[in-house]
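Working notes for the structure below.
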Amino acid sequence: MLALCTPVLAQASELERWRPVEIALPLVIALLLGGVLWWMQRRRGRQQAAMFAEIRERETRLNLALWGSGDEFWDWNIRENTLYRLGANQLLGRSTIETLTTDEWRQQAIHPDDLPRVQKLLQEHIVGNTEQYDSEHRIRNAAGEWVWVRSRGKLVERDSNGAPLRMAGTARDITSLRRAERERRVALEVLRSMSEAVAVIDTEFRFISVNPSFSRITGYSEQDVINRDSRILDSRQHSEDFYRRMRDILERTGHWAGEMWQLRKDGGEFLGWVELSEVCDSQGVRSHFVAVVNDITDKKRSEQELRYLANYDALTGLPNRALLLERLGRAIVRGRRQETRVAVVFIDLDRFKDINDSLGHAAGDRLLKAAATRLQTTIGAADTVARLGGDEFTVVLEDIDGLATVERITQEILSAFSLPLELDERHHVNITPSLGISLYPDHAQAPTDLLKFADTAMYQAKAEGRNTYQIYNEAMDVVARQRTNVLASLRRASERGEFKLQFQPRLRLSDSVITSAEALLRWHSADLGAIPPSVFIPLAEESGLILPIGEWVIAEACRTLRHWRDQGLNEITVGINISVLQLLRGDLVKQLGSAIAASAVPANRIELEITESMVMQNAQQATDVLNRLRELGVSLAIDDFGTGYSSLVYLKRLPIDTLKIDKEFIADLHRDPDDEAITSTILAMGHSLGLNVVAEGVETAGQLEFLRRQGCDQIQGHWFSPPLDADDCLAFIRQRQSGATPTG
Ligand code: C2E
Ligand code: MG
Ligand code: MG
């Protein structure tokens, strides 16, 4: 294309004439005429100059306008197929006025991909299909880069036949516009796909637009909120003042960020992390705010849950050790200021392990929960009840005026536990606590020390027979240290081979025959010397060490029996003491079975001694295990009978053969008529159930006489023989068999 736009100037010409008349007149006339001519010529010259100046002026203005607008003007002479372009220097970096053939131009400048479209649009306009030619396409600038232009034009001249002669229009560089448009589209896409709610609001805080996440999070659609006040999201969880301050900061600084509860359309609320930022127009004047809202309700909740977990016991919901120590610390500070005492009560449930083992962990958990509730109800909400783990609880009592108050509260706890705990409709469990007390400032100043001392006192309460309380004193530390030492040595005793068994023979009174021998565990510690079973057995039970130790006892007792049988003692039964833990841990039957098999001894030559309290506490499970043991062929004895609360009816249901009367009753025969009565009752009762009744701890001939009179079946005790080493016991039995008659 190329059109010529130079203006066409017309020129006029005149004829001048000369006539020879009189000299003077013609001369004057000639002069006048010459003057007129000269004047006319001058005027014409001036007019011409003015016209040219005006044309130049117009062209400059057009140029300036084009330069100012950044547009290019083009003029296409269709017939000659030339293109005239003005202002092209800005667009293409070329000369201001340029005339090219249209084909040259097209080939050189228009992007080959766009060329067919451009030609089609031109064609459509020329044939009259469109009002205007309007095209966006790429052209190459002087630097050889492609730039986008928008070219618009019209057919301005046709010949008399209507054939197109000339087309003119403008072109404009729209590269940056297109880039901005693309960026806007991308930004919009990003906004739409953002998981955060985004809202654009005006400076009056009215919604202008929102993204889909906004609708998802708040429940408001775009139509719901456009032009509405953004305060519809304000939650009542924040005060008016909060919102005033927030908007004030936003207006002053152009930015606000923070956590804010927001109201959903359905009235529900969510916690949002809100960032508000101003948006300024090109003049730097604030035009909008953009709000980006992140729903952090879940995150916050899990943070709170974590905080809760860090401070509270998940099972009972009570404060844990960390929170307890913190609260105790604060209580001490208050106590110091107000000069009052703070008491720490350490609570441990007695024989919880047994119940946990026998009923299962789910029931154990329910029991702990029930115990926690009972403690909290007894103590009241004002004081702290914490769970330290396992079956250990702690109570912090503030504002204590003296020991009497603590002891009263402690008694209340003890009596609260005298009623059974309800696990569910069917299960009620009796469990007692042992309590230890320490006082601030009497015993210690620091929370950890107070806790440690209360713990020490609690152990003392256990040692005192459980279901009681003890107040800390320094002497207890010695006991506690000893306990720790003993436990440390006990852990190594097995591998060091420090255990052995002694055997105490049992005598049948009717025919003076030794029927059996009870295996009794002995521990000679390399560190601590000989430790009596009354000290180490409870420790082994508490620590669980009794399981491997008990297993060793069973195997060792069976080996000894094997040895004795090999020596010809075929009628002897060996008694083995069994701890409650062994009874309830399920594999006792298997363990015993393999020990019997390994030593090849008859099962009916083994008698297991189980304490009465052990059976009574876990009646159902104990009975099951006892039945299975019975099936194995071993016989069963109830040890230390009389100290528990067995009812006759209950005993009837147990698969037992023997009752062993506790040596406490035997010791006091002759001295305490009650013990005599108890002993005779047990004997009568046992016989009525067809049981073999044995008296333990018989030390004197008098005791023996009494027992004989009451029809006691067998005796065991120092009067007859103390516990002996296996070989000594073998010798003793042999000697007795070879004819020696019993004395007394
Ligand atoms: P126990 O089963 O009632 O054992 C009888 C206790 O009475 C033994 O104490 C025995 O030495 C003692 N004794 C025997 N005759 C007399 C006497 O005439 N007078 C006095 N005062 N005492 C006598 P020991 O050996 O100290 O055992 C204490 C307890 O330790 C046992 O009581 C038993 O409950 C437990 N025990 C011993 N060995 C084992 C064992 O291998 N496993 C388990 N689980 N417990 C054991
Ligand atoms: Mg025993
Ligand atoms: Mg006993």
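The values are calculated or read from the model by the stated rules, or taken from the named source; none is laboratory data. Note that the structure is predicted; figures quoted are calculated from it, not measured. Here Cβ is always computed from backbone atoms with ideal geometry, including for glycine, and neighbour counts include all displayed protein chains. Side chains included, ligands, DNA and RNA excluded: accessible areas come from the protein's heavy atoms. Shrake-Rupley method; radii C 1.70, N 1.55, O 1.52, S 1.80 Å.
Okay, here's what the table says:
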{"quantity": "Scaled radius of gyration (Cα, divided by 2.2 N^0.38 Å) that the stretch 487-737 gives", "calculated": "0.98"}
{"quantity": "Nearest-10 value in Å² for the accessible area of T373, using the 1.4 Å probe", "calculated": "90 Å²"}
{"quantity": "Pairs beyond 28 Å (Cα-Cα), from K462/K590; K590/K663; K353/K660; K369/K462; K299/K452", "calculated": "K462/K590; K590/K663; K299/K452"}
{"quantity": "Cα-based equivalent ellipsoid, the stretch 361-409: semi-axes from gyration tensor eigenvalues, Å", "calculated": "25, 10, 9"}
{"quantity": "Reach of K120 by Cα under 18 Å, taken over lysines that are not fewer than 8 positions away in the same chain", "calculated": "K154"}
{"quantity": "Relative contact order for the chain, counting Cα pairs under 8 Å that sit 6 or more residues apart, in percent", "calculated": "6 percent"}
{"quantity": "R0 of 51 Å, Cβ-Cβ distance R336-D725: FRET efficiency to nearest 0.05", "calculated": "0.25"}
{"quantity": "Centroid-to-centroid separation of the stretch 169-222 and the stretch 247-271 [C-alpha atoms, Å]", "calculated": "21 Å"}
{"quantity": "Pairwise label distance in nanometres, D672 with M194, each label 7 Å out on the Cα-Cβ vector", "calculated": "8.5 nm"}
{"quantity": "Alpha carbon convex hull of the chain, volume per residue in cubic angstrom", "calculated": "348 Å³"}
{"quantity": "Cα-based Kirkwood hydrodynamic radius, the stretch 411-512, one decimal, Å", "calculated": "17.3 Å"}
{"quantity": "Dipole-positive endmost among S195, V285, F207 within the chain (Cβ charges, Cα centre)", "calculated": "V285"}
{"quantity": "Dipole axis of the chain (+1 Lys, Arg; -1 Asp, Glu on Cβ), positive-most option in I554, G633, L31", "calculated": "L31"}
{"quantity": "Expected 222 nm ellipticity per residue - DSSP helices of 4 or more, -39500 (n - 2.57), all of the chain, to 500", "calculated": "-14500 deg cm²/dmol"}
{"quantity": "From phi via Karplus (6.51, -1.76, 1.60), per-residue ³J(HN,Hα) for the stretch 417-424 in Hz, x at Gly/Pro", "calculated": "8, 6, 8, x, 8, 9, 8, 7"}
{"quantity": "Gyration tensor (alpha-carbon) shape descriptor, the stretch 614-721, a/c threshold 1.5", "calculated": "prolate"}
{"quantity": "Fraction of accessible area attributable to carbon and sulfur, the stretch 67-179 (%, probe 1.4 Å)", "calculated": "45 percent"}
{"quantity": "Spin-label proximity, I208 to the stretch 222-265 - amide N less than 13 Å from point 7 Å beyond Cα toward beta carbon", "calculated": "227"}
{"quantity": "Residues of the chain: accessible area per residue with a 1.4 Å probe, Å²", "calculated": "53 Å²"}
{"quantity": "Hydrodynamic radius of the stretch 165-276 per Kirkwood, over alpha carbon pairs, in Å", "calculated": "16.4 Å"}
{"quantity": "Largest-first ordering by accessible area, 1.4 Å probe, given options K300, K120", "calculated": "K120, K300"}
{"quantity": "Centre separation in Å (Cα based) which lies between the stretch 649-728 and the stretch 41-73", "calculated": "141 Å"}
{"quantity": "Dipole moment magnitude, nearest 20 debye, the stretch 67-179 about Cα centre, only Lys, Arg, Asp, Glu C-beta charged", "calculated": "220 debye"}
{"quantity": "Whole-number percent relative contact order across the stretch 194-301, with pairs defined as alpha carbons under 8 Å at least 6 apart", "calculated": "28 percent"}
{"quantity": "Accessible area of H670 in the full protein assembly, 1.4 Å probe (Å², nearest 10)", "calculated": "110 Å²"}
{"quantity": "By accessible area with a 1.4 Å probe, ligands and nucleic acids excluded, highest first: order of S230, S594", "calculated": "S594, S230"}
{"quantity": "Debye, to nearest 20: dipole size of the stretch 206-260, +1 on Lys, Arg Cβ, -1 on Asp, Glu Cβ", "calculated": "40 debye"}
{"quantity": "For the stretch 247-399: span of alpha carbons on each principal axis (Å, largest first)", "calculated": "80, 46, 23"}
{"quantity": "The stretch 392-421-the stretch 302-316 distance, computed between alpha-carbon centres (Å)", "calculated": "27 Å"}
{"quantity": "Positive-end residue, the chain charge dipole about Cα centroid, Cβ charges, pick of A731, Y133, L368", "calculated": "Y133"}
{"quantity": "Total charge dipole magnitude, the stretch 487-737, about the Cα centre, Cβ charges on Lys, Arg, Asp, Glu only, Debye to nearest 20", "calculated": "720 debye"}
{"quantity": "Accessible area of the stretch 468-617 belonging to carbon and sulfur atoms, whole % at 1.4 Å probe", "calculated": "52 percent"}
{"quantity": "By accessible area with a 1.4 Å probe, ligands and nucleic acids excluded, highest first: order of W719, W39", "calculated": "W39, W719"}
{"quantity": "Probe 1.4 Å - accessible area at L691, Å² to nearest ten", "calculated": "20 Å²"}
